[in-house]
Amino acid sequence: MAGAIWCVVEDDRQGNPKKVMAEVLGEASRLASPLTGQAEAVWLTDKATEAGIKQLGEWGAKRVLLVENAGLAPYRGEVWAPVLAELVQKESPQAVFGAVTTRQREVMARLAARLGAGLAADVVALAVEDGKLVATRPVYAGKLLSKMTWAKTPWLATLRPNVFKPAEAQSGAAAAVDKPAATVPAPAMSLVERREESSTGLPELAEAEIVVSGGRGLKGPENFVILESLAKVLGAAVGASRAAVDAGWRPHRFQIGQTGRTISPKLYLGFGISGAIQHLAGMRTSKVICAINKDPEAPIFKIADFGIVGDLFEVAPALEQEFKKLLEK
């Protein structure tokens, strides 16, 4: 409907919305009343599930605009952006929100360019002032926070995961489902010949409440097993600094920082990470930061809530044993 707040659905490619959508829809629902609109979900997929649609309703979506087409998978920005732009022009939403994920960072930027609209990227707070939406986002690699607003609608924004309060699931709440007609263009590029999903058995980095991260101090790729062992005890995700990724110790999808993933977990444990500004930009909004480094002058200690000066090869196993004892009680 006109004036609605749209939330572009991020799914797990199995027909289910990711948990980050609870945060995006929760914030959209909170803002809906002062903005006199309603929260709606826009789902572009090749296969949706009834359970997924039900979940969106329970998270606060009053309406789900479902565009189901085989041409929407695998994701391609040059296919998705025209579809979203066509829907926006037909329906006139007041705002369009996405999550800060690899996919939505791209498609929201493409959408903004097509619509000639403003995009607030990596937003950490939203408020309504004098009937206008005001976004707060980090600038200068996270050293400062900047407030911004839009000159015209639709207001486009990507929201950082693990920052906004998730919607509490309302059992029995249901969303109206519309299947609007939309032109799905043929892909202009074919870059992926084969896709293989690999699982670490650990939570996804961007959505994890606890993140254990390693840097150059690990000395080699084989030593990441130390962090993986600790992570399994904590139910944590494992990340890496740019130095570790550039050295080929971990794939790029595990990189935390300005040119990698931006995270905001409840607890961040950094092992052997000096704290270069590039890395800090990706994790400094973590709720609690604990740094482990043998160099007492490491820059990461300046932003850490807790610090341990010591050899990570001794500290990590010791922490693992202590956490095991605590969790067994």
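The values are calculated or read from the model by the stated rules, or taken from the named source; none is laboratory data. Since the structure is predicted, the reported quantities are computational estimates derived from the model, not experimental observations. Neighbour counts are summed over all protein chains in view; Cβ atoms, including those assigned to glycine, are modelled from backbone coordinates with ideal geometry.
Considering only region 212-220, I want to know if a residue exists there that is in contact with a strand residue (DSSP E or B) (Cβ under 7 Å, 6 or more places away or on another chain), under 17 Å from F323 (Cα atoms), modelled with pLDDT of 95 or more and aliphatic (A, V, I, L, M).
Yes, region 212-220 contains at least one residue that is in contact with a strand residue (DSSP E or B) (Cβ under 7 Å, 6 or more places away or on another chain), under 17 Å from F323 (Cα atoms), modelled with pLDDT of 95 or more and aliphatic (A, V, I, L, M).
Could you list all residues from region 284-316 that are β-branched (V, I, T), surrounded by fewer than 21 Cβ atoms within 10 Å (Cβ to Cβ) and closer than 23 Å to N223 by Cα?
I308, V309, V315
From the list R114, R160, R103, R110, pick out the single residue that is among the charged types (D, E, K, R), in contact (Cβ under 8 Å) with a residue 24 or more places away in the chain and under 16 Å from A28 (Cα atoms).
R160
What residue, of A281, A240, is under 22 Å from the mean Cα position of the chain (by Cα) and surrounded by 24 or more Cβ atoms within 10 Å (Cβ to Cβ)? It would help to see each step written out before you state the result.
Numbers: A281 fails: surrounded by 24 or more Cβ atoms within 10 Å (Cβ to Cβ).
From the options A281, A240, the qualifying one is A240.
Does A135 meet the test of being touching a residue at least 60 places away in the same chain (Cβ under 8 Å), surrounded by 20 or more Cβ atoms within 10 Å (Cβ to Cβ) and assigned to a strand (DSSP E or B)?
Details: touching a residue at least 60 places away in the same chain (Cβ under 8 Å): no; surrounded by 20 or more Cβ atoms within 10 Å (Cβ to Cβ): yes; assigned to a strand (DSSP E or B): yes.
The answer is no for A135.
Here's the yes/no breakdown for (1) more than 27 Å from R103 (Cα to Cα); (2) touching a strand residue (DSSP E or B) at 6+ places or on another chain (Cβ under 6 Å); (3) part of a helix (DSSP H, G or I); (4) among the hydrophobic types (A, V, I, L, M, F, W, C):
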| residue | (1), (2), (3), (4) |
| --- | --- |
| P203 | no, yes, no, no |
| E228 | no, yes, yes, no |
| G239 | no, yes, no, no |
| Q258 | no, no, no, no |
| I289 | yes, yes, no, yes |
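Please pick out the residue among T36, T49, T102, T45 that is β-branched (V, I, T) and buried (at least 18 other Cβ atoms within 10 Å of the Cβ).
T45 is the lone residue from the list that is β-branched (V, I, T) and buried (at least 18 other Cβ atoms within 10 Å of the Cβ).
Rundown of residues vs (1) closer than 17 Å to F224 by Cβ; (2) in the same structural domain as V124 (by TED's automatic domain parsing); (3) not in a helix (DSSP H, G or I), yes/no style:
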{"position": "A281", "(1), (2), (3)": "no, no, no"}
{"position": "S286", "(1), (2), (3)": "no, no, yes"}
{"position": "P296", "(1), (2), (3)": "no, no, yes"}
{"position": "F301", "(1), (2), (3)": "no, no, no"}
{"position": "A304", "(1), (2), (3)": "no, no, yes"}
{"position": "F313", "(1), (2), (3)": "yes, no, no"}
{"position": "P317", "(1), (2), (3)": "yes, no, no"}
{"position": "E320", "(1), (2), (3)": "yes, no, no"}
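In region 108-122, which residues are touching a helix residue (DSSP H, G or I) at 6+ places or on another chain (Cβ under 9 Å), of a type in the set (A, V, I, L, M) and closer than 18 Å to E23 by Cβ?
Those that are touching a helix residue (DSSP H, G or I) at 6+ places or on another chain (Cβ under 9 Å), of a type in the set (A, V, I, L, M) and closer than 18 Å to E23 by Cβ: M108, A121.
Of these, G57, G71, which one is farther than 20 Å from A127 by Cα, modelled with pLDDT under 95 and not in a loop (DSSP other than H, G, I, E, B)? Lay out the reasoning, then the answer.
Numbers: G57 fails: modelled with pLDDT under 95.
It is G71.
Any residue at all in region 142-153 that is over 16 Å from the mean Cα position of the chain (by Cα), buried (at least 18 other Cβ atoms within 10 Å of the Cβ) and on the phi > 0 side of the Ramachandran plot? So that I can check it myself, show each step before the final result.
Within region 142-153, the subset over 16 Å from the mean Cα position of the chain (by Cα) is 142-153.
Remaining after also requiring buried (at least 18 other Cβ atoms within 10 Å of the Cβ): 142, 150, 153.
Next, only the ones that are on the phi > 0 side of the Ramachandran plot stay: 142.
Yes, the conditions are met somewhere in region 142-153.
What is the number of the single condition among (1) under 14 Å from the mean Cα position of the chain (by Cα); (2) free of Cβ contacts under 8 Å to residues at least 12 places away in the same chain that D246 does not meet?
Status for D246: all satisfied but (1).
Is region 186-204 home to any residue that is out of contact with any Ser or Thr (no Cβ under 8 Å at 6 or more places or on another chain), buried (at least 24 other Cβ atoms within 10 Å of the Cβ) and either under 25 Å from G307 (Cβ atoms) or hydroxyl-bearing (S, T, Y) (or both)? First the steps, then the outcome.
Narrowing region 186-204 to residues out of contact with any Ser or Thr (no Cβ under 8 Å at 6 or more places or on another chain): 186-204.
Okay, now just the ones that are also buried (at least 24 other Cβ atoms within 10 Å of the Cβ), so none.
No, that holds for no residue.
Among residues belonging to region 136-162 that are over 23 Å from I256 (Cβ atoms) and of a type in the set (A, V, I, L, M), point out the one that is modelled with the lowest pLDDT. Please lay out each step first, then the result.
Initially, region 136-162 is screened for residues over 23 Å from I256 (Cβ atoms), giving 147-156.
Then keep just the ones that are of a type in the set (A, V, I, L, M); that gives 148, 151, 156.
Details: M148: 95, A151: 92, L156: 98.
Per the stated criteria, the residue is A151.
Can you tell which of L31, L84 is out of contact with any Phe, Trp or Tyr (no Cβ under 7 Å at 6 or more places or on another chain), surrounded by fewer than 21 Cβ atoms within 10 Å (Cβ to Cβ) and in contact (Cβ under 8 Å) with a residue 60 or more places away in the chain?
On the way: L84 fails: surrounded by fewer than 21 Cβ atoms within 10 Å (Cβ to Cβ).
From the options L31, L84, the qualifying one is L31.
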